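Worksheet: one structure, shown below.
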Amino acid sequence: MLTIGLEKIGIVNMGEKTKKDACYHKVKARYDVWPSAYASGALSKCRKVGAANWGNSKKKKPVKKSTGGLVSVRGQGAVMKERLR
């Protein structure tokens, strides 16, 4: 009777290891000090967005070069280059 009550609150299965999720392994590989506040925050952010989306950087769009604009700054005024058409 006592073990049934303890199973409900999870005390009987304390000796078993729990499976670690993908976020745990990704974050643990990135941070040297474990546990730390930074690693714990990263782990919660990873679990929020999902392991597949965490740690991916955004792809930057190529910047178009304009034909006109600021060429050089002298003193207080700026010298502007004429636009070529």
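Computed values, structure above
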item: Rounded to whole Hz, the Karplus (6.51, -1.76, 1.60) HN-Hα couplings of the stretch 43-51, x for glycine and proline; result: 5, 5, 5, 5, 5, 6, 8, x, 5
item: Listed peptides 55-62, 19-26, 32-39 by packing density, highest first (mean Cβ within 10 Å); result: 19-26, 32-39, 55-62
item: FRET efficiency for GLU16 and VAL49, using Cβ-Cβ distance with R0 set to 35 Å, rounded to 0.05; result: 0.75
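Where a number appears in this text, it was derived from the coordinates with a stated rule and is not lab data. All values derive from a computational prediction rather than experimental measurement. Positions of Cβ are generated from backbone atoms using ideal geometry, with glycine treated the same way; all protein chains shown enter the neighbour counts.
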